Structures are given as structure tokens and as C-alpha cells.
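The values are calculated or read from the model by the stated rules, or taken from the named source; none is laboratory data. Computed from a prediction, not measured in an experiment: that's the story for all the values here. All Cβ positions, even for glycine, are placed from backbone atoms using ideal geometry, and neighbour counts span all protein chains on display. Accessible surface areas use protein heavy atoms only, side chains included; no ligands, DNA or RNA. Shrake-Rupley method; radii C 1.70, N 1.55, O 1.52, S 1.80 Å.
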Amino acid sequence: MRRSLSRSTPLLFLLLAAVALLAFAGVAAAAEPSTVGNWWDVTPEAEVPSPQYDSILYSEIAPRLRQIEMASNRVKVEVIGQSAGGRNLFLVTISDPQAQGRLGQYQAIRQAMIRDPEHAQELIDRFGDFKVPVFINGSIHGNEYPGTDAAMRLIEEFAFSNEPEVLDVLENEILLINVCQNPDGRVLGTRQNANAIDINRDFITQSQPETRATVGVFTEWNPMVVLDLHGFVNPMLIEPCTPPHNPNYEYDLYIKWALAQAEAMEAELFAQTGFSAQIPYRDDPLEWDDWPPTYAPMYAMFHGAYGHTMETPYRDARGVDAHYAAVWGALDFVAENRVGMVRDQVEIFRRGFLSLPQQPIPPELLPQWPQYQDVIPNGFPAAYVIPADEPFQISPQAPARLVDFLLFNDVQVEKASKGFTLDGVAYPAGTYVVWLDQPKRGLANTILSDGLDLSAIPGLEFYSPPTVWSHPLLWGVRRAVMEDPMALQTRAIAKADAPQGTVQGGKAGAYAYLPTSIAAIQATNDLLARGVAVSRAPASFTDGGRAFDAGAFILPGTAKTVANELASRYGLDAYALRGVPAGAIALRRQRIAVAFSDAGGRELLKRLGFAYDVITVSTLNDATKPPLTEYDVFINTSVHFNTGGLNATGKARLTDYFAAGKDYIGIGGTGALLATQMLPSFVFTATSYTGGPLDSAIRVDYNVNDPVGSGFGAQGYGFANGTRTFSGLAADVRVSATIHDPDFLVSGYWPDWQTSGAAGKPVVIGWASGTQDAALIGLDPIFRGHPEDSFRLVANAIYSGLD
């Protein structure tokens, strides 16, 4: 249960059912289960099992769970959602069947946490028999088979065994086991799900249904421990991690227990199997960090969890044994230490609620790189202010989307009851306010802050990008930072206000709506699919004294019903025009081929409503496949003329495509390289930048008079990753966007960015000759599906190929 906070009742404290001290009965994850048939009735399908051992098939899991549930009064099985491929996700909850008899005691502690967290900690000391939830995540990477098999072994053990060790765990803990986090990958034998997305890189974006289902469990239960079962590292790897650590954690409280728990897992692993382990925080050089909140255990830490990634050393049955043993070490450790562990979990939220400062890691627990403790600043602002609409926002859809995302993640959002002024800017009543004196302030700040400029830190290494994420900057939301508290009257909300569109003006010779939101792109593709006439203004124009940027969508004057639909269904504003602007270009559904190295690109096109086919080197090489010339637009991040493996047929197909005057959108360095090879009249020089990951949030100046750069306003932001800028442009090359000059970097890791020469350089360009259009995007608008605001660059480029 979530309880909203009000500024008028400052002692009201939502402490995550911390500890989810309510019994498991009646607690459900947020995702809706399937309602078609019995979940245990599974039709077998072709699967790719582990080639190293006799792994359980996905189709065998549900029937076996049903047998266990029917035979054991300790076990409850729920379907918490479906995978991208439509397969069920199972959450198994295991506890002492007598747990429900202690609900009153649990509730007393919970109520104390709401009223007074300090008193709650006293009650925790007084009541010694409450249970704490432990979450075990099986095989988030589908072809890392041992995790799910270990989870099934644990379920059977705790369902039926009466051994003292089992009963001791059940007396102290509630086990929450996500048996197979990635059913698609297990069936297909792939790391990713059916959308080709790595779920363990999606937790701060939450683009995938598997991720959202797990987040629902986290926000309902707030597990005290999260164990994520992976492979394969030898010796077995058990987190906690090396620096740098995410600055929004209460890391001193985390490491106090996480390190000791990891050592307990290491000891049990050796006792049961004879296998050794490594603990990065204690043993390893840099490069196994917990900086980005993209991983499941790292994200869970914002909900108070002691999170651990566990990498089993073996792909065969020994890998199952290793996971099973290490998990036992964690469960035994929790049973012995749960009182102290939950006190410090409560302290995480107490600090947030009372705006207490973060504390340094105790000296005795510092790893061998103490210098990093002084590199990353800590501290939180008083609040973030998010206006709902114009003139602050480009569109109301983006802030509504962000507010709902915050609420889904259990971040409390409020709304100003009256207007107020912050830093000389007047904000109206209804402005969203996210106060940081709340239990999950770390997650709120992670989502809403700009991030940090890490570029000057010497020797910094990361296991996996990104080094930066910022939902406001990369999702197109303008927000302000309230550094010091203000006396505002605000009230808690449960959801964002849905954008309310309008049809403005009277009698119309045409209607215009603007490409300022994802909703506008979705609406356009829906209308085109239904055969509605939509055109696009290729240049800026003025009508009735109102100025419109290039790229505005145009409906005929007879489409009043459609204009009303844009307002009511999509929340868009439709403007009555005197007539269709000169030169408006009729749009149509286009045949799109994509060659993406990042599956986030496919996800963005799907979300925007574009139909497409995936093209690979293999399909280009295969003479039995349709030729590339059957498509109107080729969007490319991964293929160039000298790509390894491209045979004579593949090269001929690329040559024929460009010779036919077809349109091209190139993203990143490879996208630009193919343009130089196939479009010699498209004259430019591409510059790349070296010195590290270069993944950064940067300021971008957009050309509102260019249809590809339209809909962003004069200045916005973009995600720089493997960035390319362009120079030496021929006179017929259009500039759609440039990197802001001079101070373009907001956050991230771009060493020597000030002297890189990137400032002021074009980063999105276009070119046209006859019927052929080409656009090159030097930003990364598709990185794992996260930089949502830049998705529209690709959509604009697709539409611009129809002139």
C-alpha cells in the first residue's frame, strides 16, 4: 500500500512496507496477470535448453509450480505479468504458514513507521519475531540457465523440507522468487528478451514488460535483500561493487551489511561446493561498479534493498550448485542478522523523510580506493518543480509521462495548490512539486537530477555505460530545482493530469498540429494507417498572425472531426488555418528497413507507430530475400559497404538501393560512413571523439526552420554516445541541429570536452537531390530506448523524405 504525504502533515511517513512486514497474503505485484485459461496449462513449444546440462524447460516450470503449490501450504504462486513474447512471469512467495497470525504485530510496526520512524526502530528491537522479505531473481539473461534451475531447487526445498535450517529461514523471512525473469530468452536461448532488449539494462528506463513487472514487486514489497542470479564469472562473483558508487545511495548503510552478507555467501559456497568466490568491493580493481541504476539489484537499492549481482562460475550443473549454495549463505545471514539489517533499512528511509545528510563509508569498510569518496558530491535539493504545460513545456505529454513514471516507481509527487515564485519565475497553481524530504529521495534524485560531470576524474572506469541518465533532459521535460525549502501549500497526487487538447480558432481552411511530442507522431501514423489525408509544412510559415515552425502537420479543412479527435484522444492542440500552407507535402505510410545495432531503435519505431522490417548482413547477402529497393527508407546504425561478411550480393543490393534514389537515415559513425560510400554528392566530413565512453547529456541547438530539427524549441538536449559532428559541408547540406557553444556538456563522461572542438559543430544534417533525401544523426537518439525526446529526430527524418 502506498500512502501519500502532505506538506501539512510532516510526520506522515511512508516507509515502504519496509520490510513488507505485512504477510504475503493479499499483496500483489502491479502487473496484471493473464486471464486466459489456467496459468499451469502450458502448450509446449520448441525451446533451446542449456547445452551443458539438463536444464528445466520453460514449459515445465508452470506445471511443476502448480504441483508444489497444491502440495505445500507454504507456497503461493502468482502470475505477475507477461514477457515481451507473451509468456507468463511467475512470482513464488514462500513463508511459514503461521505468518498470517502475526499480522497485528506486523501492522503495529508498520503504523509506527508511518507515524514515527524512530519509534518504529524501537519497536523492531522489542518485537523479535517479524519476518523480512528476500527477493531472488532467476535468469534475467535467458541463456544464463543455472539461475532459474537454482530458483526451482530452492522452491522445492522450502516448500517441503522440515530440516532445522529451512524452518529457521521460514521463521525469519518471506521468500519472493521471480522464477524466470526472462522466459523469452530461456526459450530462445538468448541473453535478451523477444524484443532483443537486455532486461538488466532497462531498470531506469522500464521499456519492457518484464522490467515493469519486477518494479511492481519492488514497490509493493520493498524487499530487504535482492539476489540476482547470473553467469558466468570464475571464481564466482558476488557483489558489492567497486567504486564509483551511485551518489544517491545511503552507501554506508548498504555496505555495512552487503559486504558481510557477501562474505557469508562466499563461505557457504565453499562449504557446500569447494568453489571460491571474488567480491569486487573487497578484491577487484575498478570496472565492476554500481554506478548506473540500469541493473536490477542496483535499482532495488533505491527501495532499501541490500542488492547483489551473483555470477555463477559454471555453465553446467555446477553452476546451479553454486547459486543454490550462495543463496543459502545469504538466507542464513539474514536469519541471524535481520533485526540490525531492517533497522538500517528503516534508517535509509528515515534519513530521506527527515532530510538528514548522507554519511561517509566508515573507514574500516573503505576499499582500496578511498580517493573516490571525495570525488562524488552528495546532498539533495529541497525539491524539483515540474510545470505541467506551456509556456514552460514544449508539450504537456512529456511532463505527464514523467510524473506518472515517478509515481509508478513509488516516488511521491505533489501539486501546488497556489501559484508561487521560484528564482524569479512565477509558476501557476497545479505545478508539480517533488519534495526530497521523502523516504525514497535517492530514487527521486536519480530520476530528476541532471547527473554529474565526471569528465575530470582520472582513471575512472565503468563496467557498462551509461555514466549518465536524466529523465528530464532526455525525455524533453523542463523542470526547476528548488535548492532551499519554501513554504508552499501542496497536496499529494495519485496520477498526473491527462493532457487536455484543444481545437483553436473558428472556421478553418485547414488545421495544423505540431510535432512537439511522441503523441503527435503516434497520432500521425495512426491517421495515415486509417487513410486520413495528412501533409507536412516543409518550412516555417505564418497564418492569421501566428507563426508555425517547419514540420507542422496539416489536416484539410474538412477534417474537423479528426481535429477534435486529436484534442480528445491524444491531448494535442489543433489550430485552425486559413488554408493549407504553400508547399505542404502529402504524407503516406512508407516501407521502412532498419539495420540497428541497438534494439532500442526498433522499440522506438514500434512505440511511435512505424511499421518496419529488420535488415541484417545476412538478409542483404541472401538472394532469396526481397531486395532492399523494395523499401522507401533505410535507417542504419550497423552496416557499411566494407562491413565484415557482406558478400557481392549484399554490396550490390546496397548499391542498387542508393542508385534508385531511395531515402537514407544514418545514425552514428557507421551510419555516416555508409553515406560517404554511397552518396558521393552528399559532401561532409565526420569527426569522432576519443578518450572514453563519451556518453553524456549535452545541450543541443535545434534549427526550428528545418523539418528534421523541428518540434524541440531553439535549445534542447541530446544523448552523446559515440558522437559524430560534421564539418566541410557542401552548400546544399542542411543543418538541423548543432552542439551548443560553448558550455555544451551537462553531465556524463567526456574527457577534455572543453577542448574537443565539438562546440558549435553540426550534429544533425540533411541533404536532398531529386527524390532522394538523406539525414545523418550524430547523436545517439535510440540508446537502449532511453533518450525519448530524441526519438522524434528519427520520425522527422522519415517524414522529410517525402518531398
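For the chain, the longest principal axis of the C-alpha atoms and the axis of helix 146-160 are separated by about 40°. Taking the dipole about the Cα centre of segment 290-393, with the C-beta of Lys and Arg at +1 and of Asp and Glu at -1, give me whichever of 296, 381, 306 is farthest to the positive side. Value: 306. Peptides 177-186, 608-617, 669-678, 226-235 ranked from most to least packed give 177-186, 226-235, 669-678, 608-617, packing being the mean of other C-beta atoms within 10 angstrom over each peptide's residues. Measuring max minus min along each principal axis, the C-alpha atoms of the chain give extents of 81, 66, 56 Å (largest first). Taken about its Cα centre, segment 693-803 carries a charge dipole of about 100 debye when Lys and Arg each add +1 at the Cβ and Asp and Glu each add -1 at the Cβ.
Cross-link reach is defined here as a Cα-Cα straight distance under 27 Å, omitting same-chain residues fewer than 8 places apart; for residue 415 the lysines meeting it are 440, 495. Placing one equal scatterer on every Cα of segment 632-748 and applying the Debye formula, the log10 ratio I(q)/I(0) at q = 0.22 Å⁻¹ is -1.36.
Over the Cα atoms of segment 285-354, the radius of gyration divided by the Kirkwood radius equals 1.05; this is the Rg/Rh ratio.
Summing charges over all other residues whose Cβ lies under 15 Å from the Cβ of residue 188, with Lys and Arg as +1 and Asp and Glu as -1, gives -3. Could you work out the pair-distance distribution P(r) of segment 181-247 from its alpha-carbon pairs, with 10 angstrom bin width and percents rounded to whole numbers? Distribution as computed: 17, 41, 38, 5 percent. Ranking 666, 628, 652 by Cα position along the charge dipole of segment 620-676, where only Lys, Arg, Asp and Glu carry charges on their C-beta atoms, puts 652 farthest toward the positive end.
Pairs exceeding 26 Å between alpha-carbon atoms, taken from 76/606; 76/131; 651/761; 560/662: 76/606; 651/761; 560/662.
Here the mean projected area of the convex hull built on the C-alpha positions of segment 166-209 is 4.5 nm². Answer with one residue from 609, 575, 199: the one whose Cα lies farthest towards the positive end of the charge dipole of the chain, charges on Cβ with Lys, Arg +1 and Asp, Glu -1. The Cα lying farthest towards the positive end belongs to 575. Per residue, segment 190-318 exposes 23 Å² of solvent-accessible protein surface, assessed with a 1.4 angstrom probe and all protein chains in place. Counting only the Cα atoms, segment 643-702 fills a convex hull of 131 Å³ per residue.
Exposure here means at most 16 other Cβ atoms within 10 Å; with GluC sites (Glu not before Pro) in a DSSP loop as sites, the longest stretch of the chain lacking them is 484-803. Size estimate for segment 339-488 follows the Kirkwood approach: the inverse of mean 1/r over distinct Cα pairs works out to 17.3 Å. Between amide H atoms placed 1.01 Å from N, distances below 5 Å from residue 503 occur with 574, all of them 5 or more places distant or on a separate chain.
When 1/r is averaged over all different Cα pairs and the result inverted, which Kirkwood radius in Å belongs to segment 684-759? Final number for the Kirkwood radius of segment 684-759 is 13.0 Å. For the chain, the dipole from Cβ point charges (+1 on Lys and Arg, -1 on Asp and Glu) about the Cα centre works out to 3040 debye, to the nearest 20.
Within the accessible surface of segment 373-511, defined with a 1.4 Å probe on protein heavy atoms only, the carbon and sulfur portion equals 51 percent. Judged by the gyration tensor of its Cα atoms, with axes a ≥ b ≥ c, segment 732-803 is oblate; a/c meets the 1.5 cut and b/c is at least as large as a/b. When the helices of the chain are scored as -39500 (n - 2.57) per DSSP H run of n ≥ 4 and the total is divided over every residue, the value at 222 nm lands at -9500 deg cm²/dmol.
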